[in-house]
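Chemist: Supplied in structure tokens, the structure appears directly below.
Read the figures in this text as sums done on the coordinates, not as results from a lab. This is a predicted model, so every value here is computed, not measured. Neighbour counts are summed over all protein chains in view; Cβ atoms, including those assigned to glycine, are modelled from backbone coordinates with ideal geometry.
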Amino acid sequence: MLLEVKNLNAGYGFLQILRDVSLTVDTGEYVCLVGPNGAGKSTTLKTIAGLVSPMSGEILFKGEPIGGLPGNKVARKGIALVSEAMNLFVNMTVQENLAMGAYTIRDKRLQKDRLDFVFDLFPRLVERRNQLAGTMSGGERKMLAIGRGLMSNPTLLLVDEPSFGLAPLLTESVFQSLDTLIKQGMTIMVVEQNVTKTLSVTDRGYVLENGRIELSGKSSDLACDAHVRKVFLGV
Amino acid sequence: MVEQVEKRIWERIFKWSGSAAGMAVIMTVVVAVAATLDRGGYVLVNTVVTGGMLALVAMGLALVFGVMNIPMFAHGEYFMIGSLTAYYVFTPINNYITMHPDSALTFIGPLITIVAAMIVGALVGVASEVLVFSQLRKRSRENWVMNSFLLTVGLSVVLINAHQLFFGADFKGITRYWAGPPITVMDVFISRDRAMSFALAAIVVVVFWFFMTYTRTGRAIRAVSQDENGALMVGIGLKGILLLTMSLSCSLAAIAGASLLFMYPAYPSVGLEPLYMAWFVVILAGLGNVLGAVMGAFMVALLKVLTIEYIGSGWDFVVPSALIIVVLIFKPSGIFGSEVRGILDK
């Protein structure tokens with residue numbers, strides 16, 4: 001198992017969001033976490049990435065406990081988070097942002113390889129390389145955020161709401177690039193509100209409601225599940 | 001092709017000169033030149049020397065605000081620590097120089113003094129981060145700006161009184177760093193100390209700029225100032241960066257304090273004037289904007305020199321303050337905008 005989360009409880013201050021969340025992600029898998037607003041999807045990703053510290057429970061990455069480590073240490077272990085807010089460095093250019101993404105890589109040649117890889121995946125970023133990140137459109141920023149996450153050559157990519165605030169066409173292209181990454185052997189865990197779309201592309205899914213995992217299984221099965229259809233798809 | 005590039009550069013310059021930053025810079029240069037023609041070269045010289053040192057203090061202030069979100073009101077005390085250190089290091093050196101006027105120390109001695117002050121400043125910066133600010137960071141995340149502001153005011157009072165308790169309240173000054181006849185530029189006599197202190201300021205500003213723009217660590221500092229979570233996500237350790245930022249900005253203030261020891265002798269509250277001036281600069285330039293602070297420092301210095309020149313020396317705090325009020329009303333983000341998106345966002 002690449003990532004194992006066992007009985008995780010987490011939240012902000014006195015406010016507990018996640019209750020006994022357990023999930024696993026295997027190498028090369030494309031896993032999704034779906035659920036209504038405020039269910040704790042983003043909190044789950046942030047806790048795994050070390051931005052929120054867990055109250056109790058275990059997070060194992062490659063068999064090593066990473067729960068409670070600060071975000072920078074988690075990032076160095078090979079987990080890259082593409083957050084919903086993207087957290088780009090808005091006053092730096094696209095190129096500088098990508099260079100910061102490779103902060104943990106000291107080898108200049110490897111940095112160059114990663115940059116070529118990202119530019120290959122998002123040719124749009126090549127045109128914009130000298131533009132300030134803060135002045136780009138939502139779709140381009142999303143690409144940059146994913147690109148910055150990939151710069152560190154992560155083992156596991158956590159993507160929070162790839163479609164949030166994007167036009168349908170752009171959503172499609174972002175999902176396509178995630179697909180390309182999966183085909184190249186990347187492991188991705190994605191959080192989405194666009195349930196139909198997500199369940200149609202991912203291998204496996206978890207349904208999170210009120211901070212608890214309510215259902216899990218193959219994405220195709222979940223898409224047919226009566227409960228899921230009733231709650232998310234309105235049928 | 002070349003014409004096109006040239007045209008684009010001109011367009012950019014034109015656009016820039018229409019912006020608030022461009023207008024302010026051009027206006028400053030015009031006013032400086034006009035005043036120089038009117039009153040003589042010493043106006044320009046005074047502006048440049050005052051501005052250079054002010055830039056060091058203001059840059060540190062902008063850095064601490066931009067990266068750590070601390071509205072620092074103890075920054076003047078790091079200036080004071082710099083001048084105090086310089087006094088105690090330079091006094092024995094000076095005695096030696098007086099006995100051996102031909103030794104190499106006549107030139108290098110003052111530099112050693114300033115480097116010593118820089119190191120002490122950095123150490124005190126580290127100490128205040130470890131003992132004070134990181135302790136607050138562990139306990140309070142809400143209302144951080146207000147709490148840290150109150151803490152810096154407290155720190156300032158403690159440091160001023162500690163100085164008074166251990167070193168006394170008298171003026172501990174020197175008459176000069178570098179002996180020798182003054183340098184003449186544009187019919188103005190500039191003392192060697194002033195010329196050297198400006199040269200030092202210029203070197204430090206340039207080195208600092210290179211560090212922030214081109215080195216891995218400098219970029220990491222900028223990344224933290226723009227997005228803390230983003231910085232964590234790419235693997236930048238916050239603790240180290242915060243510690244480094246604090247020690248950097250304190251050592252900048254200490255360099256300024258040490259280089260100006262010949263003008264401002266060390267006494268407990270010597271830091272208050274540079275502190276207020278630096279705050280003028282930072283508000284004018286935009287909170288957290290480090291490079292804007294350099295330009296802003298020269299503007300405030302010019303304003304101060306002109307006020308003393310044309311209105312009278314009692315007014316040199318009033319006019320900049322009035323200007324700050326005007327800036328805050330019409331352009332609250334400062335003339336150069338800011339890398340900080342507003343305190344309330346964080």
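Chemist: Using DSSP to call loops (not H, G, I, E or B), can you name the chymotrypsin sites (Phe, Trp or Tyr not before Pro) in the range B:279-324 whose Cβ has at most 16 other Cβ atoms within 10 angstrom?
Modeler: Details: sites: B:279, B:280, B:298, B:310, B:315, B:317; in loops: B:317.
Counting only loop positions with at most 16 other Cβ atoms within 10 Å, the chymotrypsin sites (Phe, Trp or Tyr not before Pro) in the range B:279-324 are B:317.
Chemist: Say each of residue A:6 and residue B:214 gets a label point 7 Å from the Cα, pointing the same way as Cα to Cβ; how far apart are those two points in nm?
Modeler: About 5.2 nm, to one decimal.
Chemist: I would also like to ask the following. Taking just the C-alpha trace of the range A:128-235, give me its Rg and Dmax in Å.
Modeler: 15.3, 49
Chemist: From the C-alpha gyration tensor of the range B:224-346, pull out the three semi-axes of the equivalent ellipsoid (sqrt of 5λ each), sorted largest to smallest, in whole Å.
Modeler: Details: eigenvalues 181, 87, 20 Å².
Output for the range B:224-346: semi-axes of 30, 21, 10 Å.
Chemist: Arranged by the count of other C-beta atoms within 10 angstrom, fewest first, what order do A:30, B:264, A:12 take?
Modeler: With the fewest neighbours first, A:30, B:264, A:12 line up as A:12, B:264, A:30.
Chemist: Averaged across the residues of A:74-87, what count of C-beta atoms belonging to other chains lies within 10 Å of each residue's C-beta?
Modeler: 3
Chemist: Right, something else. What's the Cα-based Rg to Rh of the range A:181-235, Rh via Kirkwood? Could the numbers behind the result be given before it?
Modeler: On the way: Rg = 11.6 Å, Rh = 11.8 Å.
Value, to two decimals: 0.98.
Chemist: Once the Cβ-Cβ distance between residue A:221 and residue A:201 is put in as r, and R0 is 22 Å, what FRET efficiency do you end up with, to the nearest 0.05?
Modeler: E between residue A:221 and residue A:201, to the nearest 0.05, is 0.90.
Chemist: I'd like the mean, over residues of B:217-230, of how many other protein chain beta carbons sit within 10 Å of each residue's own Cβ.
Modeler: On the way: counts 0, 0, 6, 2, 0, 5, 8, 1, 2, 10, 11, 3, 9, 15.
If you average over the peptide's residues, the count of other-chain Cβ atoms is 5.
Chemist: Quick one: Kirkwood hydrodynamic radius for chain B, alpha-carbon pairs, angstrom, one decimal?
Modeler: Roughly 21.1 Å, rounded to one decimal.
Chemist: Arranged by the count of other C-beta atoms within 10 angstrom, fewest first, what order do B:212, B:68 take? Could you put the intermediate results ahead of the total?
Modeler: Numbers: B:212 19, B:68 24.
By the 10 Å Cβ count, ascending: B:212, B:68.
Chemist: Under a crude label model (7 Å from the Cα following the beta-carbon direction), how far is residue B:34 from residue A:209 in nanometres?
Modeler: 7.3
Chemist: Dipole size in debye (nearest 20) for chain B around its Cα centre, Lys and Arg Cβ +1, Asp and Glu Cβ -1?
Modeler: 720
Chemist: Could you pull out the trypsin sites (Lys or Arg not before Pro) across the range A:72-117 that fall in loop regions by DSSP (anything but H, G, I, E, B) with no more than 14 other Cβ atoms inside 10 Å?
Modeler: Here the trypsin sites (Lys or Arg not before Pro) that fit, given the DSSP loop and packing criteria, are A:106.
Chemist: For the range B:82-183, state which chymotrypsin sites (Phe, Trp or Tyr not before Pro) are in a DSSP loop and have at most 12 other beta carbons lying within 10 Å of their beta carbon. Don't skip to the answer; put the middle values down first.
Modeler: Numbers: sites: B:87, B:88, B:90, B:96, B:107, B:133, B:144, B:149, B:166, B:167, B:171, B:177, B:178; in loops: B:171, B:177, B:178.
In loop regions of the range B:82-183 (DSSP not H, G, I, E or B), the sparsely surrounded chymotrypsin sites (Phe, Trp or Tyr not before Pro) are B:171.
Chemist: Translational diffusion coefficient, Stokes-Einstein: compute it for the range B:1-135 using the Kirkwood radius over C-alpha pairs as Rh, at 10 °C and 1.306 mPa s, and state it as an integer in µm² s⁻¹.
Modeler: Translational diffusion coefficient: 82 µm²/s.
Chemist: I've got another one for you. Calculate the translational D of the range A:16-170 in whole µm² s⁻¹ from Stokes-Einstein, where the hydrodynamic radius comes from the Kirkwood formula applied to all Cα pairs, the temperature is 37 °C and the viscosity 0.692 mPa s.
Modeler: 200
Chemist: With a ≥ b ≥ c taken as the square roots of the eigenvalues of the C-alpha gyration tensor of the range B:155-293, please select rounded if a/c is under 1.5 and otherwise prolate if a/b is larger than b/c or oblate if it is not? Please report the intermediate quantities before stating the final value.
Modeler: Values: a/c = 2.45, a/b = 1.47, b/c = 1.66.
It is oblate, given that a/c is not under 1.5 and a/b is not larger than b/c.
Chemist: Pull up the DSSP beta bridges for the protein assembly as shown and report the antiparallel fraction as a percent, rounded to 5.
Modeler: Counting DSSP beta bridges with both partners in the protein assembly as shown, the antiparallel share is about 60 percent.
Chemist: For chain A, what is the calculated [θ] at 222 nm in deg cm²/dmol (nearest 500), taking -39500 (n - 2.57) for each run of four or more DSSP H residues and dividing by its residue count?
Modeler: So the calculated ellipticity at 222 nm is -10500 deg cm²/dmol.
Chemist: Of B:134, B:148, how do they rank once you tally other Cβ atoms within 10 Å and put the fewest first?
Modeler: B:134, B:148
Chemist: Let me ask something else about it. Give A:142/B:138; A:46/A:218; A:46/B:331; A:108/A:197 a once-over and call out the pairs whose C-alpha atoms are over 30 Å from each other. Please list the in-between numbers first.
Modeler: Working: A:142/B:138 32 Å; A:46/A:218 24 Å; A:46/B:331 37 Å; A:108/A:197 38 Å.
Result: A:142/B:138; A:46/B:331; A:108/A:197 exceed 30 Å.
Chemist: While we're on this one: If N is the number of residues in the protein assembly as shown, what value comes out of its Cα radius of gyration divided by 2.2 N^0.38 Å?
Modeler: 1.14
Chemist: If you don't mind, there's one more thing I want to ask. Just want to confirm a number: the relative contact order over chain B, from Cα pairs under 8 angstrom separated by 6+ residues, in percent. Intermediate values should be presented prior to the final figure.
Modeler: Details: 496 pairs, mean separation 117.2, N = 346.
Reported as a whole number, the value is 34 percent.
Chemist: Between the range A:118-191 and the range B:150-205, what's the alpha-carbon centroid distance in Å?
Modeler: 52
Chemist: Give me the dipole magnitude in Debye, nearest 20, for the range A:1-115 about the Cα centre, with unit charges on the beta carbon: positive for Lys and Arg, negative for Asp and Glu.
Modeler: The dipole of the range A:1-115 has a size of about 380 debye.
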